[in-house]
Each structure stands twice: as C-alpha cells, then as structure tokens.
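Visitor: Before anything else, here's the structure in question.
The values are calculated or read from the model by the stated rules, or taken from the named source; none is laboratory data. Source: prediction; values computed, not measured. Positions of Cβ are generated from backbone atoms using ideal geometry, with glycine treated the same way; all protein chains shown enter the neighbour counts. For the accessible areas, the whole protein counts, side chains as well, though only heavy atoms, and no ligand, DNA or RNA atoms are used. Shrake-Rupley method; radii C 1.70, N 1.55, O 1.52, S 1.80 Å.
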Amino acid sequence: MQHSPSVGRRQLLRAGGALGLAAAAAPLLPATAQAAQGGPRTTVTDLGPAIGQFALMSGILVGDTVVIGSRNLTPTRLIAFHLPTRTVVSRTDLGTGHSVQALAVDASGRYLYAGILAKADEGGPNLFRWDLATPDAPAVAVGRTEDRDIRELAVAPDGTVYAVGGIPGKAPALWRYDPGTGLVTKLGVPEPNATLARAVAATDTTVFFGAGSTLAGGDGASRASLYAYDRATGTFTDVTPPEMEKDPSLRELAVVGDRLVVTTAGSTEPAKLAVMDLADLSSYTLARTGGKVAKTLTPDGERIYFSGEAGLHAYTLATGSIAPVRSDVGDLGEVWGLDHVDGGLTVVSGYGFVAEIDLATGTSVVTDLGRAGAPVSPQTCMGIAADRRSVYVGGNNVIARHDLCGGEVVNLRAPGEAKDAEVLDGVLYTGQYSSQGMWTYDHAVDAQPHRLAEFPSEQNRPLDLCFDAVNGLLLAGAQSDTEGGGSLWTYSLEDGGKAAYINPVDEVQLVRAVATRDGVAYLGGDNPTTRGPRGTVVAFDPVAGRELWRIDLPLATGVAALAVRGPHLYGLTRKGGFFVVDLRIRRVVHTADLRALCPGFAAMVTCRGWVYGVSDTTLFRVHPKTFAVTTVVAGIDGAWYSGPHVNTDGLGRLYTLRGHHLVRVDDRPVL
C-alpha cells in the first residue's frame with residue numbers, strides 16, 4: 001500500500017489555476033433549460049423496482065420473538081420474527097423517516113421503543129412505542145427529540161427512556177422520555193465538539209452517554225467520549241478510559257450486572273472493549289479487538305459476545321481474552337442484532353436473515369426474512385453501473401443484478417454499500433462503504449461478489465469510481481469520515497498494484513468526483529467544514545502520484561460531479577453551480593446557475609458525444625458546443641439514499657432511477 005503525503009503540493013504549477021480564477025470569478029450565468037421531456041427522440045423504459053428486499057438496521061430479542069427495524073424503506077416499519085415457528089407474526093408501520101436504528105424494551109418486556117432516522121427534519125415525532133401485548137395494534141408516536149436522528153435508546157429499570165443521536169452541524173444531547181408524564185426533556189450536551197452520539201445505557205442512578213465523530217470527523221471534532229450523567233443531580237462527569245480517546249467514537253454501551261461494557265469504533269487503531277466497575281469507574285480492564293468496530297453486545301455470564309467486520313467474537317471476563325465464535329454460517333455481513341439465549345446466539349444480519357447459532361456445536365439455522373413473511377419492498381439505492389447485458393444497482397448489503405436479456409433480477413450479497421461502480425468487459429467493480437475497499441463480481445464465474453483490494457480503513461467512504469483506460473487503472477475518490485479530508489485510490493487491472501494518495505486536494509477537502517482523460521485524473525474537491533477552500537479541481541498523475549495543476553473555484557459549495565468530453569472538463573457543485581474547464585488552457589470558460597434543475601448532489605456521464613447530468617429531480621444534457629442545458633426527463637425524482645447516479649451501457653443508453661424504479665433512457669439529440 002502506497003500512502004502519498006501532500007508533500008510538494010504547494011510547489012505546484014499555479015499559472016493555470018490563476019487564469020481559471022479570473023474566468024470563474026464572474027457571476028454564474030442563467031442556464032438555458034428546456035422544460036420538455038427531451039422531445040420525441042427520447043424513450044424512457046421502466047425496468048421495474050431497482051432493488052427489492054426487506055432491508056434492516058436493528059434487531060432485539062424479546063422473549064421468543066425478535067423485533068427488527070427496517071432500513072431505507074418506505075414506510076419505516078417494525079416486524080416481529082417468532083423464533084419457535086421461524087415466521088414473521090406481526091408488523092407495524094411507523095411512517096416517518098427512512099430507517100429504524102434504535103430499539104429498546106422495558107424491564108417487563110411489554111413496551112418496545114423505537115427511534116427513527118430521517119434525511120430531513122419532518123417536524124413530527126421520532127420516538128415510538130409498540131405494545132407487544134397487543135402486537136396487532138399499531139405502534140404509537142410518544143415523543144420527539146430536537147436531535148433529528150435517534151441512534152440509540154436505553155430503558156432504565158424504572159421505565160424511564162433515554163435517547164441519543166444527532167443532527168448535522170449540532171452537538172448531540174442526552175434526551176429523556178418519561179412514560180408517566182409523556183414529556184421529552186433535553187438533559188444537556190456533555191461534549192460540545194462531538195458530531196454524533198451512538199451509545200447510551202442506564203441504571204437506577206446513572207445514565208451513560210457515548211459520543212464522538214464517526215461521521216464528520218476532523219476539523220476539531222472530538223474523538224471518543226464517555227460521560228456519566230447523575231440522575232439525581234443532573235450533572236455530567238467525563239469517565240472516558242484514556243486508551244479509548246484516540247478512537248473516533250464510542251460505539252456501544254451495555255450494563256451487565258455490576259459492570260459497564262464499553263466499545264469503540266476504530267480508525268487508525270483497532271476498536272477497543274472495556275469492562276468498567278460501576279462502583280468505581282476508574283477501575284476497568286481493556287482489550288484491543290483487532291477490528292475496526294465492536295458492537296451489538298450480549299452476555300452469557302462468563303463472556304461478552306460482540307460483532308465486528310470479521311464476524312462474531314467472545315470476550316472472556318475472567319481472562320480478558322478475545323476469540324472468534326465458531327459457526328457454519330459463513331459470512332454474516334453487517335450484524336444489527338445479537339442476543340444470547342439458551343446456549344446459543346440469535347443474529348440479525350443486514351443480508352436480511354436471522355441466524356440461530358448453537359455455541360456448543362457451531363451449527364446454525366438461517367432463515368431468510370423475506371421467505372418468512374417480512375414485507376419485501378423497493379429500497380432507496382446507491383451506485384449504478386451497466387453494460388450491454390447487465391445493470392447493477394447498489395443498496396444496503398446488496399447489489400441487484402438486472403439481466404437485460406432475460407429480465408431476471410437477482411440480489412447479490414455485498415457488505416456495506418456499493419457507493420459507485422463500473423462494468424468493464426462484463427466484470428463489475430465497486431467502491432464499498434464502509435472501509436470495505438474495492439469489490440468485484442464476474443457473472444460468468446462468481447457465485448457472489450468478493451473483495452478485490454483493501455485500502456486504508458480510515459478512508460472509509462468511496463464516492464466516485466471511473467476507469468483510466470490509458471494507464472489501465474481503476475480510480476476512486478474517497479472521504480475519511482473519521483479523520484477529515486479524503487484520498488484517491490488506484491488499482492491496476494493488469495497486475496493488481498494499488499495505491500492510496502491521502503489528501504491530494506488538501507487536508508479538509510475530500511475527493512467527491514473523479515474523471516479521466518489521456519491518463520490524467522481530475523479530482524473534484526468538496527469541503528464539508530466551515531473553513532478553508534472548497535470546490536478545488538486538481539489535475540493529478542495517477543501513476544506518479546503527483547499533482548500537475550489545480551484551479552480553486554470561487555464557489556460557495558464543493559464539487560459534486562465531473563465528466564470529460566473532448567478537451568473540456570464539465571462539473572457540477574453541490575448546489576447547482578455548473579462550470580466548464582478548457583483543459584488545454586486550464587481555464588474556466590463557462591459557468592451557469594442550474595439550481596432550478598440541480599438543487600443538491602448530482603452525477604454526470606458522457607454518452608453519444610454529450611454530457612448528461614442527473615440530480616434528485618431531473619435528468620438533463622449539456623450541448624457540446626454552446627454548453628446550454630436541456631431537460632431530458634423532468635420529475636425523475638430518483639429514490640437515492642446518498643446522491644443520484646447515472647451510467648451508460650456502451651450502446652448509448654442511460655440508466656438511472658425514476659422513483660424506486662430502474663429506467664433506461666434512450667436519448668437521441670440532434671446537434
């Protein structure tokens with residue numbers, strides 16, 4: 001693995017960048033946008049739901065039933081999976097937000113609390129309660145925290161509910177719901193520099209609050225932090241084990257008898273697990289897990305079981321040792337629920353199944369939730385890639401393959417999320433979030449996708465993937481959620497050589513977009529912080545690993561997408577700014593304001609000699625001579641989770657989403 005520091009970046013060729021600044025300093029010009037559907041030369045073909053599955057993000061065992069929360073489905077819902085019969089016996093729809101990450105049950109086992117995640121503040125409740133004594137009755141909304149997303153819940157022995165979560169740009173607070181009064185109360189912000197809270201646990205006297213910056217790290221954001229909230233005095237005390245302070249965040253908390261079990265999410269170091277004495281929190285034992293995350297804690301009296309990216313492990317309380325859990329399940333994927341019962345483990349997998357593992361023998365029973373009665377419905381999507389035979393669409397722990405010849409749709413298992421992808425000579429290549437590197441799948445020989453290459457785990461979020469045909473390199477732009485900044489990855493299809501160039505734009509700008517021409521990679525920078533430059537375009541030699549030149553665009557937001565046609569580099573910003581760079585003279589030669597068509601994230605692709613762009617609302621094309629913009633499909637409104645995508649199959653046909661459906665767009669404009 002090659003790591004390229006930003007040495008020499010300030011000694012770059014500034015001449016071209018200075019010329020570009022002069023051109024780009026002019027106000028953005030109004031765009032020429034036609035409100036038609038592309039005219040009679042445009043054909044849109046509906047290929048059905050892009051991804052259909054019961055996607056999930058939480059699970060908890062209550063008696064003999066596992067309650068499971070949905071992920072990126074509309075509406076959000078809970079299902080109850082009955083272990084003795086291995087069937088889904090009830091469900092309830094919550095109707096707000098996109099996912100259910102937080103579940104907790106009271107001491108009686110009757111009331112199940114659920115907290116939802118939302119992409120925007122919908123103004124309604126985000127805390128719900130389901131009476132499991134009458135599961136046919138719907139869950140009811142019981143309250144709202146001002147932090148939009150609830151990431152974790154805990155119920156104290158007296159029935160009081162505590163919630164943590166977060167909202168972008170705001171430090172997370174500790175929240176209390178009193179079922180007696182029905183009131184939700186903010187108890188304070190213990191860590192003002194945290195960007196997220198994902199862990200909470202409660203006793204009769206104390207609430208434990210775990211926070212950090214798994215998302216939006218860097219730029220002064222705090223690392224892992226653990227606070228004890230005294231329920232009597234209303235005060236917070238920092239009780240973070242010093243060994244955990246280098247990790248990005250506290251990942252999970254659990255009260256086990258007279259001890260508190262604490263885990264972290266790692267980045268440049270492995271995740272940690274600590275067992276703290278509740279009577280004296282300065283007394284604890286600590287172990288390094290060897291992985292990058294430790295979560296879903298469950299005890300059996302002698303051991304603490306937890307999950308990570310490498311499966312299940314057991315921490316032995318008497319010795320402090322950690323060992324893998326033996327089972328015949330194989331790949332469990334992303335584990336969202338883990339409970340110990342009767343000498344076995346019940347595992348809720350992001351692959352959409354429940355596994356029951358016998359710890360004595362390692363044997364298991366795996367039940368697919370869709371076949372057991374869980375509602376299978378269209379999911380919001382991530383990346384997309386196509387060739388003449390197949391279209392691949394990425395989702396949560398799944399890549400759906402659409403056979404363009406026979407029409408069959410098959411869900412392939414892939415951990416995390418395929419944020420972007422390309423198909424080359426019939427082989428799929430993806431960038432997998434989080435910290436999964438590049439994956440690949442050849443329909444002719446592979447049963448399932450498999451990892452192609454690993455990259456630095458802190459560079460966890462690949463965002464854009466393209467192929468440099470001159471150098472035979474896959475190029476990927478990435479973001480580091482925990483450390484800030486980003487990187488360019490390269491992978492040689494010829495010999496498997498790889499490199500990761502860290503912070504090729506600067507220390508705060510991630511690489512959101514990548515395009516290539518004549519063996520040069522063009523990197524689009526995006527700065528999510530409130531300080532420093534944003535929207536920088538860097539020309540980069542991906543073989544030598546060095547910068548060639550750059551242009552700092554005087555725009556309010558960073559680059560969202562790039563595409564190359566002939567001598568021109570086309571770009572869109574995250575708020576609809578459009579620009580064209582003449583690569584021969586290294587100058588911005590055209591700008592326009594496309595906010596009416598492109599209000600947020602966007603993607604671009606070159607097809608049949610035209611550059612096409614897609615936003616959350618519209619598919620449009622750019623005239624190759626005048627740079628005028630024309631609407632191709634208005635109101636396309638793709639159901640994307642992390643920004644829209646568009647790709648082409650090599651025959652000149654485009655693929656993207658209209659709503660939750662995959663569509664093929666055959667557009668034949670005339671110059």
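Visitor: For segment 51-181, with every protein chain kept in place, what is the accessible area per residue (1.4 Å probe, Å²)?
Guide: With all protein chains present, segment 51-181 gives 34 Å² per residue.
Visitor: I would also like to ask the following. Just the accessible area per residue of segment 395-536, please: how many Å² with a 1.4 Å probe?
Guide: With the other protein chains kept in place, segment 395-536 gives 32 Å² per residue.
Visitor: Further question on the same structure: Which whole-Hz couplings ³J(HN,Hα) result when phi for each residue of segment 581-592 is put into the Karplus expression 6.51 cos²θ - 1.76 cosθ + 1.60, θ = phi - 60°, listed in order with x for Gly and Pro?
Guide: Here the 3J(HN,Hα) series is 10, 7, 6, 6, 10, 6, 9, 6, 10, 7, 9, 7 Hz.
Visitor: Charges only on Cβ, +1 for Lys and Arg, -1 for Asp and Glu: so what's the dipole of the chain about the Cα centre, in debye to the nearest 20?
Guide: Its charge dipole is roughly 2380 debye.
Visitor: Farthest toward the dipole's positive end in segment 280-377, which of Gly344, Gly290, Tyr305, given Cβ charges of +1 (Lys, Arg) and -1 (Asp, Glu) about the Cα centre?
Guide: Gly290
Visitor: Karplus couplings for segment 290-307 from phi (6.51 cos²θ - 1.76 cosθ + 1.60, θ = phi - 60°), rounded to Hz, Gly and Pro as x?
Guide: x, x, 9, 8, 9, 8, 6, 7, 8, x, 10, x, 10, 9, 10, 8, 8, 10
Visitor: Find how much the distance from Ala137 to Asp637 grows on full extension, using 0.36 nm per residue of separation minus their present alpha carbon separation; answer in nm with one decimal.
Guide: Working: separation 500, 0.36 × 500 = 180.00 nm, distance 3.35 nm.
Taking Ala137 through Asp637 to full extension adds about 176.6 nm, to one decimal.
Visitor: Taking the Cβ-Cβ separation of Thr87 and Asp230 as r and a Förster radius of 60 Å, what is the calculated FRET efficiency to the nearest 0.05? The partial results should precede the final answer.
Guide: Working: r = 45 Å, r/R0 = 0.75.
So the FRET efficiency works out to roughly 0.85.
Visitor: Ranked highest first by the average count of other Cβ atoms within 10 Å around their residues, in what order do 159-165, 309-315, 361-367 fall?
Guide: Most protected by this proxy first, the peptides run 159-165, 309-315, 361-367.
Visitor: Using the per-residue mean of other Cβ atoms lying within 10 Å as a proxy for protection, in what order, highest first, do the peptides 436-449, 393-406 fall?
Guide: Descending packing order for the listed peptides: 393-406, 436-449.
Visitor: Just how far, in whole angstrom, is segment 339-412 from segment 559-619 if you go by their alpha carbon centroids?
Guide: 36
Visitor: To the nearest Å, what is the center-to-center distance of segment 156-202 and segment 413-471, using C-alpha atoms only?
Guide: If we compute the Cα centre of each part, the gap is 37 Å.
Visitor: Same structure, new question: Taking Cα centroids, how far is segment 647-671 from segment 107-129 in Å?
Guide: If you average the Cα positions of each part, the centres end up 39 Å apart.
Visitor: Classify segment 383-425: rounded, prolate or oblate, from the alpha-carbon gyration tensor (a ≥ b ≥ c, eigenvalue square roots; a/c under 1.5 rounded; otherwise prolate if a/b is larger than b/c)?
Guide: Oblate.
Visitor: Place a +1 charge on the Cβ of each Lys and Arg in segment 326-458 and a -1 charge on the Cβ of each Asp and Glu, then give the dipole magnitude about the Cα centre in debye, rounded to the nearest 20.
Guide: Dipole of segment 326-458, to the nearest 20 debye: 260 debye.
Visitor: Multiply the residue gap between Leu286 and Asp518 by 0.36 nm, knock off their C-alpha separation, and tell me the result in nm, one decimal place.
Guide: 78.3 nm
Visitor: So for the chain, taking the charge dipole from beta-carbon charges (+1 Lys/Arg, -1 Asp/Glu), which of Cys381, Pro168, Val581 sits furthest toward the positive end?
Guide: Val581
Visitor: Could you give the size of the charge dipole of segment 198-308 about its Cα centre, using +1 on the Cβ of each K and R and -1 on the Cβ of each D and E, expressed in debye and rounded to the nearest 20?
Guide: 400
Visitor: Taking the Cα atoms only, what angle lies between the long axis of helix 15-24 and the longest principal axis of the chain, rounded to 10 degrees?
Guide: That helix lies at roughly 90 degrees to the long axis.
Visitor: Moving on to the next point. List the residues of segment 367-393 whose backbone N lies under 14 Å from a point placed 7 Å from the Cα of Asp403 along the Cα-to-Cβ direction.
Guide: Taking a point 7 Å out along Cα→Cβ of Asp403, the residues of segment 367-393 whose backbone N falls under 14 Å are 389-391.
Visitor: A further question on this structure: Using the basic label-point model (7 angstrom from Cα toward the beta carbon), what is the Glu507 to Ala323 distance in nanometres?
Guide: 4.6
Visitor: Mind scanning Lys272/Lys295; Lys119/Lys186; Lys186/Lys295 and naming the pairs with a C-alpha gap bigger than 20 Å?
Guide: Check vs 20 Å cut-off fails for Lys119/Lys186; Lys186/Lys295.
Visitor: Further question: Once phi is turned into ³J(HN,Hα) by the Karplus curve 6.51 cos²θ - 1.76 cosθ + 1.60 with θ = phi - 60°, what whole-Hz value does each residue of segment 275-281 show in order, with x for glycine and proline?
Guide: Ordered by residue, 3J(HN,Hα) equals 10, 10, 7, 4, 6, 8, 5 Hz.
Visitor: Peptides 144-155, 321-332: what's the order by average Cβ count within 10 Å, highest mean first?
Guide: Working: 144-155: 22.5, 321-332: 15.7.
Peptide ranking by packing, descending: 144-155, 321-332.
Visitor: Would you check the accessible area of Asp64, probe 1.4 Å, heavy atoms only, in square angstrom rounded to 10?
Guide: The accessible area of Asp64 comes to roughly 70 Å².
Visitor: Here's another thing I want to ask about it. I'd like the FRET efficiency for Arg389 and Asp541, computed as 1/(1 + (r/R0)^6) with the beta carbon distance as r and R0 of 41 Å, rounded to 0.05.
Guide: Working: r = 34 Å, r/R0 = 0.83.
Plugging the Cβ-Cβ distance into 1/(1 + (r/R0)^6) gives 0.75.
Visitor: Oh, and also: Roughly speaking, what is the stretch gain from Glu302 to Ala469, that is 0.36 nm per residue apart minus the C-alpha to C-alpha distance, in nm to one decimal?
Guide: Full-extension gain reported as 54.5 nm.
Visitor: Of the heavy-atom accessible surface of the chain (probe 1.4 angstrom), what whole percent is carbon and sulfur?
Guide: 50
Visitor: Tell me the per residue accessible area of segment 321-387 using a 1.4 Å probe; a whole number in Å² is fine.
Guide: 36
Visitor: Each label point is 7 Å from the Cα along the Cα-to-Cβ direction; what then is the distance between the points at Asp64 and Asp158, in nm?
Guide: Result for the modelled spin labels: 3.5 nm.
Visitor: At what distance in nm do the modelled label points of Thr529 and Asp666 sit from each other, each positioned 7 Å from its Cα along Cα→Cβ?
Guide: Here the answer is 5.0 nm between the modelled labels.
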